[in-house]
Amino acid sequence: MSTTPIRSLTLLVLLAGCPSAPTTDTPTDAAHTDTDTDTGTTDTGVTEVLPAAPTSLTAVAGDGAITLTWDAVGGAASYTVFWGTDAAVDETSATLPSTTSTTTVHTGLTSGTTYSYRVAAENGAGQGPLSAQVDATPTTSSGIRLIAAGAHSSFLVDADGDLYAWGRNDIGQLGLGNFSATYVPTQVLGISDVVAVSSGGWHTMAITADGALYGWGQNDTGQVGLGNTSGVWRPTRIGLREDWVSVAAGRLHTVAATSDGGVWVWGYNASGHLGLPQPGGYVEQPEYLRTGVITGTDPGMVWAGDATSFFKPDTNGKEYLPVASWGKSGAGQLGRDDGGNIDLANTPTPIASSAKYLAMSTRAMHTLALREDHTMVAWGVGAEGQLGTGGTSNAFGPVPVQFEGRVVAVAAGTFHSLALGDDGKVLAWGSNGYGQLGDGTNDSSLIRVQVQDLDSVEMIAAGESFGLALKRDGTLWGWGSGTYGQLGTGSPVDSNVPVQVDWHP
């Protein structure tokens with residue numbers, strides 16, 4: 001299942017770790033300085049060199065504004081941020097006022113427009129090279145911060161960080177303290193300041209702004225991570241750590257990452273999808289993963305499918321570090337281009353691609369990935385056309401998915417897929433038995449079809465057989481299977497066109 005990148009938490013971590021801006025101290029030892037009395041300049045005997053390019057540039061979108069932060073550069077006296085609204089930013093682009101801080105806020109922006117940024121450090125020797133580019137799209141004050149979908153359940157986090165849930169709840173996966181389905185968004189008590197949510201088959205995980213991790217729902221293989229196999233019906237904190245930055249709930253397992261670069265796994269392990277030396281059995285509490293390409297030094301994001309796990313180092317997504325995968329691989333689910341010759345691959349290993357990835361989404365046995373150039377690839381099972389290649393063959397490594405315009409978000413359902421373009425429209429393909437393509441029919445499609453009556457969309461999510469979309473006007477829409485009330489309309493009915501979720505902030 002996909003996990004939402006928690007950029008607000010990443011920002012907190014970066015700010016906490018950033019050194020203060022360099023200061024200039026008045027020399028007190030005359031033996032080490034020579035002052036030119038005619039010019040008033042001081043010769044220290046040391047020649048300044050150009051500062052290096054800033055790293056870890058991060059852009060966090062808000063209501064008509066974007067907050068930028070980066071790591072301090074040794075020897076830098078100030079920084080200049082270059083920006084634009086086209087795909088490439090260089091030294092001829094517009095600039096923000098020079099700053100000595102490692103964070104700045106760009107305000108007065110147009111919601112829905114994508115802005116691109118690079119930053120350069122400066123000192124007496126001049127301006128250093130530009131950083132890698134990052135993009136962000138400001139939002140409106142919608143009352144909804146993020147959305148997420150489980151197999152048959154839905155979640156939103158409002159502007160205050162409160163969590164709401166609706167849909168299937170027979171194993172407590174909504175966290176409401178009972179086993180009753182609810183057909184409209186209902187607040188989940190016992191948790192606040194939520195910055196990330198991921199729901200798997202029948203369990204849900206969440207991270208709060210203080211870096212704490214919570215879980216609830218089905219726990220028969222230890223997938224909640226409490227050290228036991230008892231069911232959990234309300235949000236329950238997992239351990240005492242306060243540095244969790246990403247979490248992904250698979251069908252029966254969980255993967256999570258901490259800000260120090262650690263990757264942690266727990267739950268069911270029959271297919272080696274915990275990445276531990278020996279597949280089989282299950283783990284009831286977080287266990288640190290130390291094998292393969294997991295270095296334990298680069299923070300990153302995680303994703304989990306039915307029996308697969310993925311880790312992308314370096315949360316800014318700009319410096320190339322390989323995406324690692326592990327778990328079940330018989331139909332190409334790991335993207336390693338192994339031809340299906342390896343059924344279980346329990347050692348984290350890079351996928352078969354040198355591309356830089358911004359985001360991914362996986363649910364059952366296929367994965368969608370958004371590349372740095374805002375094109376899309378897919379791999380894994382394609383029997384229902386969910387890969388978007390125009391056929392039904394499996395793909396053992398990343399294959400291109402044709403898309404007109406730039407892709408800004410992807411969401412993988414069980415047998416269908418969704419993609420959001422920079423024009424605010426949503427395209428869908430794959431299985432459509434419940435209307436999960438949202439095109440007004442129940443006909444499956446090997447080619448991309450547009451979800452009806454949806455524009456100005458800024459966020460998407462996909463459950464097993466349904467979709468969710470948040471529009472820039474703050475309204476939330478759902479389509480596809482509604483058997484358990486996961487569309488949030490107040491009734492347990494399906495819809496092959498988008499219907500508005502009964503959400504009133």
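Some notes on this structure:
- Take the conditions (1) assigned to a loop (DSSP other than H, G, I, E, B); (2) out of contact with any Pro (no Cβ under 9 Å at 6 or more places or on another chain); A419 misses just one of them, which is (1).
- Residue match in region 60-69 (condition: modelled with pLDDT of 85 or more, in the same structural domain as T95 (by TED's automatic domain parsing) and either surrounded by fewer than 19 Cβ atoms within 10 Å (Cβ to Cβ) or assigned to a loop (DSSP other than H, G, I, E, B) (or both)): no
- Conditions (1) modelled with pLDDT under 95; (2) closer than 21 Å to P279 by Cα; (3) not in a loop (DSSP other than H, G, I, E, B); number of the one not met by I342: (3)
- Checking each residue in region 85-116 for being part of a strand (DSSP E or B) and either touching a His at 6+ places or on another chain (Cβ under 8 Å) or surrounded by fewer than 17 Cβ atoms within 10 Å (Cβ to Cβ) (or both) picks out A94, T95, T99, T103, V105, Y115.
- Being surrounded by fewer than 18 Cβ atoms within 10 Å (Cβ to Cβ), in the same structural domain as A364 (by TED's automatic domain parsing) and either free of Cβ contacts under 8 Å to residues at least 24 places away in the same chain or of a type in the set (F, W, Y) (or both) is a condition met by at least one residue of region 428-446.
- Those strands (runs of 3 or more DSSP E) lying entirely in region 125-185 with at least 3 residues of a type outside the set (A, V, I, L, M, F, W, C): 126-130, 153-158
- Taking region 70-84 as the range and being without any contact (Cβ under 8 Å) to a residue 60 or more places away in the chain and either farther than 17 Å from A132 by Cα or in a loop (DSSP other than H, G, I, E, B) (or both) as the test, the residues that pass are D71, A72, V73, G74, G75, A76, A77, S78.
- Beta carbons closer than 9 Å, at least 6 apart along the sequence or on distinct chains, never pair a first residue in region 450-464 that is among the basic types (K, R) with a second that is surrounded by 24 or more Cβ atoms within 10 Å (Cβ to Cβ).
- Residues considered: D170, D193. Of these, the only one that is of a type outside the set (S, T, Y) and farther than 25 Å from Y268 by Cβ is D193.
- Exclusive hit being surrounded by fewer than 24 Cβ atoms within 10 Å (Cβ to Cβ), assigned to a loop (DSSP other than H, G, I, E, B) and not polar (S, T, N, Q), set G261, G275: G261
- When A395, A412 are checked against the criterion of being touching a strand residue (DSSP E or B) at 6+ places or on another chain (Cβ under 6 Å), surrounded by 18 or more Cβ atoms within 10 Å (Cβ to Cβ), more than 30 Å from G62 (Cα to Cα) and of a type in the set (A, V, I, L, M), A395 stands alone in meeting it.
- Test: residue in region 401-414 that is modelled with pLDDT of 95 or more, closer than 23 Å to S198 by Cβ and not in a strand (DSSP E or B): yes
- D158 being closer than 30 Å to H253 by Cβ, touching a strand residue (DSSP E or B) at 6+ places or on another chain (Cβ under 9 Å) and surrounded by fewer than 22 Cβ atoms within 10 Å (Cβ to Cβ): yes
- Positions within region 219-246 being surrounded by 22 or more Cβ atoms within 10 Å (Cβ to Cβ) and either more than 22 Å from the chain's Cα centre (by Cα) or among the hydroxyl-bearing types (S, T, Y) (or both), in sequence order: N219, G222, V232, S246
- For region 285-320, taking the residues that are of a type in the set (A, V, I, L, M), over 10 Å from G261 (Cα atoms) and crowded, with 18+ Cβ neighbours inside 10 Å, the one that is modelled with the lowest pLDDT is identified as L289.
- Flag for Y214 being surrounded by fewer than 22 Cβ atoms within 10 Å (Cβ to Cβ) and at pLDDT 95 or above: no
The values are calculated or read from the model by the stated rules, or taken from the named source; none is laboratory data. Just so we're clear, the structure is a prediction, and the values are computed from it rather than from any experiment. Cβ sites come from the backbone with ideal geometry, for glycine too, and all protein chains shown count toward neighbours.
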